Amino acid sequence: MKKLLTLFALLFVTFKVNAQSCPDNHHPHMIDLGLPSGTKWACCNVGADKPEVYGGYYAWGETEEKSDYSWGMYTHSDGSWDACHDLGNDIAGTKYDVAHVKWGGSWVMPSKEQRDELINNCTYEWTIVNGVNGGKFTSKTNGNSIFLPAAGRRYVSDFDHVGSRGNYWSSTQYPSGAGSAYSLNFYSGNAYSSYGTRDHGRTVRPVVTR
């Protein structure tokens, strides 16, 4: 009986580690999901100290949080969607990249292609970690996984869809209009590619490409 309990405890610990793919509590970690590009995803969001913590909300191209996420308060616009400043097609690694500015080193915001690669090469599951709803992406190659909390988004002073949806910025501008950028979205039923207006506050999950 003692051996059986020991085996059960060992299996539980192993499952717990693999569920988050973090070797310890000293976050962030680079998680190898066996992706074709070699991209490693962070285990937690910018501004968070655990995988299940929401972290900061940032307008696209801004590197600080604020109380008002509207066009009038958006740094990179002259007050409207069609009056946005051109920051380039991809802001990864630039002064507009909150992941790179806050974490330094090789950390950057994921591109549209890296977002799509995550969706296409992982299975998606809506789950709960330490009482927090979110999406779990598990590698089809090596079984490692990352958990992204459903932090929703911020618009003006409001919090929208917190606990029911994930809205994560990519570093890539949406080509049909300067006022939007690509994002990774998910909810209880699905994870999908999308885009959003740049003045909204969304969460960011960094990546490293080596």
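The values are calculated or read from the model by the stated rules, or taken from the named source; none is laboratory data. Just so it is clear, the model here is predicted, and its values are computed rather than measured. Every residue, glycine as well, gets a Cβ built from its backbone with ideal geometry; the counts of neighbours run over all protein chains shown. When the accessible area is computed, the model is the full protein with side chains, heavy atoms only, and any ligands, DNA or RNA have been set aside. Shrake-Rupley method; radii C 1.70, N 1.55, O 1.52, S 1.80 Å.
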| Can you list the HN-Hα couplings for region 58-63, worked out from phi with the Karplus curve (6.51, -1.76, 1.60; θ = phi - 60°), rounded to whole Hz and with x for Gly and Pro? | 10, 5, 5, x, 9, 10
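Of all alpha-carbon pairs in the chain, indicate the percentage at a distance above 23 angstrom. Display every interim value, and only then the final one.
On the way: 9430 of 21945 pairs.
Distances greater than 23 Å cover 43 percent of the Cα pairs.
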| note | The long-range amide H neighbours of Ser111, using H built 1.01 Å from N in the peptide plane and a cut-off of under 5 Å, are Ser171
| message | Using the Karplus curve 6.51 cos²θ - 1.76 cosθ + 1.60 with θ = phi - 60°, what ³J(HN,Hα) values do you get for each residue of region 119-128, in whole Hz, with x for Gly and Pro? | response | 4, 6, 10, 10, 8, 10, 9, 7, 8, 10
| remark: Counting only protein heavy atoms and leaving out ligands, DNA and RNA, the solvent-accessible surface of Val108 at a 1.4 Å probe, in Å² to the nearest 10, equals 30 Å²
| Asn133's amide H: which non-local residues (gap 5+, or another chain) put their own amide H closer than 5 Å, with H modeled 1.01 Å from N in plane and none for Pro or chain starts? | Ala150
| field | Largest-first ordering by accessible area, 1.4 Å probe, given options Leu87, Leu148 | value | Leu87, Leu148
| Cut-off under 5 Å, modelled amide H: who pairs with Val156 long-range | Tyr69, Ser70
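With +1 on each Lys and Arg Cβ and -1 on each Asp and Glu Cβ, how big is the dipole of region 111-210 about its Cα centre, in debye rounded to the nearest 20?
On the way: 11 positive and 7 negative charges, 32 e Å.
Dipole of region 111-210, to the nearest 20 debye: 160 debye.
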| Which listed pairs, of Lys95/Lys140; Lys50/Lys112; Lys50/Lys140; Lys102/Lys140, have C-alpha distances above 26 Å, in listed order | Lys95/Lys140; Lys102/Lys140
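Magnitude of the Cβ-charge dipole of the chain, K/R +1 and D/E -1, about the Cα centre, nearest 20 debye? Please list the in-between numbers first.
Values: 19 positive and 20 negative charges, 200 e Å.
Dipole about the Cα centre, nearest 20: 960 debye.
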